[in-house]
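Read the structure below first, then the notes.
The values are calculated or read from the model by the stated rules, or taken from the named source; none is laboratory data. Small disclaimer: the values here were computed from a predicted structure and weren't measured. Here the Cβ positions follow ideal geometry from the backbone for every residue, glycine too, while neighbour counts run over all protein chains shown.
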Amino acid sequence: MKKVRMKKVRLLDIAHARSGDKGDTANVGLIALKPEYYPILVKHVTAARVARHFKGMISGPVERFELPNLHALNFLLHGALDGGGTISLKTDAQGKVFSTALLRLELEISK
Amino acid sequence: MKSQPATVRIAAGQGFWGDWLEAPYRQVTGGPVDYLMMDYLAEVTMSILQKQKSRDASLGYARDFIPLMERLLPIVVERGIKITANAGGVNPRACAQAVAETARRLRLGGKLRIGVVTGDDLLGRLDGLLARGHELRNLDTGRPLSDVRDHVLSANAYLGAWPVVDALRGGADVVVTGRVTDTGLTLAPMIHAFGWRPDAWDLLAAGTVAGHTIECGAQSSGGNCLVDWERIPDLANVGYPIVAAAPDGTFEIFKHPGTGGRISVAGVTEQLVYEMGNPAEYITPDCIADFTTIRLEQKGKDRVRVSGVKGRPATDKLKVSVAYFYGYKAVGTLVYAWPDAYKKAQAADRILRQRLADLGLKFEAVLTEFVGADATHGALARAATPLDELPEVQLRIGVRSPDKPAVERFTREIAPLILNGPPSVTGFAGGRPKPEEIVAYWPALLDKRMVKPCVEVVEV
């Protein structure tokens, strides 16, 4: 059997991001730093993987949308903001830094 | 008919109410532009303005728009620059009146026309709408507005670009609106300049994308940009973005020469995905824009070209933003220093929570964050950072309740911890936190036919 050699990559090193809010939902736009990284994002940064990453931090599901034209993925993190907007007691009531929280994600990709 | 210009330049002056006061001035003086667009209205802003209006019927608009106009009007009149701004809040007529008075004081009588867009305010019509079966169900929870009707503070439909276009066609130089969408303020000058038709969906979508790109001000010209952030030059002198739009729906984003910041494909992309839902369906009153069709291209230093935008017909609904009284909240903080800063803050949190329980106080929510350890990245940060050696940690604890006395009692439980809790504590100079009224936001949809925008143009 052929052995596939894997390496660890931190999302911060292959992507950048910006996040915002809509009510109690945070959105994270994740953008590949180079076009050739986009397929890695599509393959590895699934909605399920992101939901696992934010386990305990969000109460609802994660949705993912693809923007191949911008080499970007858009994630909706539902129930991320303690009610959101003015209701929320969180420092990050508007989800502004969920972006960099996502960039902490480590991927195992083939070399 | 006047000839169609080759391009129209629309400069972003304010990304929100409270944005940099110097930006609009620099936009109209730093180089040639045709329009200055300023977005003032966040979701919560309308309820604040409604409160001001209920105390004084001549208020209810973004008041600092007036001193800004005092500074800008002589310049924009001389240069023929037009202004679109939703600074009117819940009282656009009073805002326009104040602008007119300012203009007369500046001896600009006869040289300026002011357009006023109203019709978005639904507060006085709510009961009639509910009685006619418009339930205004919450888009997130599905609940009918009748649940919170008694607590409603303001209710506004989002109007699109067309009433602003009507004001411009009526000769307005300054258009003051109530709740017009951020994107509509940018799209309207393009429709007006190029004569775009109401069913030219691709063009309307392109103008909408242009609006989204510049509606947050410097967020598309180097501000709050993560890519290569340390090398973004001269943010102290940041140039706000300007759209140069062409009649075919393509446009370029640029900034004035000699300004700081950066306009790059990466930075514009960050802004495009900001506050994004389903990118194939960016819904506005004017059209549905498909963000998966946008093409970006670096056309030179600090210049990005945008093309390819596709759109679809607008829906038959308007979004309505209702603000209602929700309850009370308060947030208290204390700072704990090394050694064991994090552990001390945790201990203080446990003690405080026990005291709140012993007092029998009930809250809808109690939230503790340890600023410096986990406030922004939660468990992800705790897992990645050695917490033992943190030089300091801020304990930040908040409560929320419909019961004001409970929230007030909470605010008195923070300070005692300084002397009767864990050691090495400081940072209480701000005094006791104050209970805050929570004005919450209720998004809903309404049949478009129920809303009739009203446009007036008056000569100063």
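The set of residues in region B:192-211 that are in a helix (DSSP H, G or I) and surrounded by fewer than 24 Cβ atoms within 10 Å (Cβ to Cβ) comprises B:192, B:193, B:194, B:201, B:202, B:203.
Filter region B:1-27 down to the residues that are part of a helix (DSSP H, G or I) and buried (at least 24 other Cβ atoms within 10 Å of the Cβ), then identify the one that is nearest to the chain's Cα centre (by Cα). Here the answer is B:24.
Condition check for residue B:110 on (1) among the small types (Gly, Ala, Ser); (2) modelled with pLDDT of 95 or more; (3) under 20 Å from residue B:456 (Cβ atoms); (4) surrounded by fewer than 19 Cβ atoms within 10 Å (Cβ to Cβ): one failure, at (2).
Restricted to region B:410-432, and to residues that are touching a helix residue (DSSP H, G or I) at 6+ places or on another chain (Cβ under 8 Å), modelled with pLDDT of 95 or more and not β-branched (Val, Ile, Thr), which residue is surrounded by the most Cβ atoms within 10 Å (Cβ to Cβ)? Among those that are touching a helix residue (DSSP H, G or I) at 6+ places or on another chain (Cβ under 8 Å), modelled with pLDDT of 95 or more and not β-branched (Val, Ile, Thr), it is B:410. Is it the case that region B:350-357 has a residue that's in a loop (DSSP other than H, G, I, E, B) and not polar (S, T, N, Q)? No, the conditions are met nowhere in region B:350-357. Candidates in region B:366-382 are the residues that are more than 7 Å from every other protein chain (Cβ to nearest Cβ) and touching a Lys or Arg at 6+ places or on another chain (Cβ under 9 Å); of these, the one that is farthest from residue B:337 (Cα to Cα) is B:366.
From the list B:129, B:153, the lone residue that is part of a strand (DSSP E or B) and more than 17 Å from residue B:83 (Cα to Cα) is B:153.
Within region A:61-78, the set of residues being more than 10 Å from chain B (Cβ to nearest Cβ) and either surrounded by 21 or more Cβ atoms within 10 Å (Cβ to Cβ) or farther than 16 Å from residue B:274 by Cα (or both) comprises A:61, A:62, A:77. For region A:79-104, taking the residues that are touching a helix residue (DSSP H, G or I) at 6+ places or on another chain (Cβ under 8 Å) and more than 8 Å from chain B (Cβ to nearest Cβ), the one that is farthest from residue B:297 (Cα to Cα) is identified as A:80.
Here residue A:61 does not qualify as under 27 Å from residue B:266 (Cβ atoms), at pLDDT 95 or above and over 10 Å from the mean Cα position of the chain (by Cα). Yes or no: region B:315-331 includes at least one residue that is surrounded by fewer than 22 Cβ atoms within 10 Å (Cβ to Cβ), modelled with pLDDT of 95 or more, in contact with a Leu (Cβ under 7 Å, 6 or more places away or on another chain) and aliphatic (A, V, I, L, M). The answer is yes, given that some residue of region B:315-331 is surrounded by fewer than 22 Cβ atoms within 10 Å (Cβ to Cβ), modelled with pLDDT of 95 or more, in contact with a Leu (Cβ under 7 Å, 6 or more places away or on another chain) and aliphatic (A, V, I, L, M).
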